Amino acid sequence: MILAGKNLPNVAGANGMPGPCSAYCSLLLLNKTEQAPDEGLSSRRPAGTPCKVFPSSASPTWNAQIEMRKAVEPGARLLITVWHSGGPGSASGDLKLGRIEIELPPQQNTPLWYTIADDTGVVVQGSGGGYAEIEVQVPPPPRTNRTRRVLHPVLIRHAAFFAAY
């Protein structure tokens, strides 16, 4: 469950002045042997399944429903990347704000705040001082299907993401 973000960093607007970001998250299930994609600082088409853009807020709450299905091996992880939407016609694409990785299956079923970090592991500073964070809850797998894949929900506040592993 990606519940919310808080203290996300400001970004330069069209006028060059800093302002609140228009954030969204992309989710990607990675098996133990898979590497996280090297997308750089900006991308026109980020990897993973995106949630809805939450415009102009340092503390977004996402509301989307996406279904992800992938056979995932033991030792897999969920990569959540936080992006600022450059908007239609943006020359540079979307700006990566940071990301987190969560090992699957989860160790607990309670919401946790994770600080987002850049690709080198440096924690991202937030707009109001302190660190930029997202609140995530990954419930334990509830059941298996006929192919013995575990159906695993990854929920976003007020909605649900479903992933299979």
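The values are calculated or read from the model by the stated rules, or taken from the named source; none is laboratory data. All values derive from a computational prediction rather than experimental measurement. Here the Cβ is made from the backbone with ideal geometry for all residues, glycine too, and neighbour counts use every protein chain on show.
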*Would region 59-70 turn up any residue that is modelled with pLDDT of 90 or more and closer than 21 Å to A117 by Cβ?*
yes
*Tell me, which residue of region 34-57 that is part of a strand (DSSP E or B) and of a type in the set (S, T, N, Q) is nearest to R77 (Cα to Cα)?*
T49
*region 14-32: number of residues that are of a type in the set (G, A, S) and within 19 Å of V124 (Cα to Cα)*: 4
*Hits in region 94-118 - residues which are part of a loop (DSSP other than H, G, I, E, B) and modelled with pLDDT under 90*: L104, P105, P106, Q107, Q108, N109, T110, P111
*Give the residues of region 119-155 that are at pLDDT 55 or above, within 17 Å of T61 (Cα to Cα) and among the hydrophobic types (A, V, I, L, M, F, W, C), sorted by residue number.*
A132, I134, V136, V138
*Any hit, region 39-46, residues being at negative phi, in contact with an Asp or Glu (Cβ under 7 Å, 6 or more places away or on another chain), at pLDDT 90 or above and surrounded by 16 or more Cβ atoms within 10 Å (Cβ to Cβ)*: no
_Checking the conditions here, which among G13, G5 is among the small types (G, A, S) and either out of contact with any Pro (no Cβ under 8 Å at 6 or more places or on another chain) or farther than 23 Å from Q137 by Cβ (or both)?_
G13
*Which residues, counting only those in region 1-25, are crowded, with 17+ Cβ neighbours inside 10 Å and part of a loop (DSSP other than H, G, I, E, B)?*
M1, N7, L8, P9, P20, C21, S22
*Identify all residues within region 103-113 that are touching a strand residue (DSSP E or B) at 6+ places or on another chain (Cβ under 8 Å) and surrounded by fewer than 18 Cβ atoms within 10 Å (Cβ to Cβ); write none if there are none.*
E103, P105, P111, L112, W113
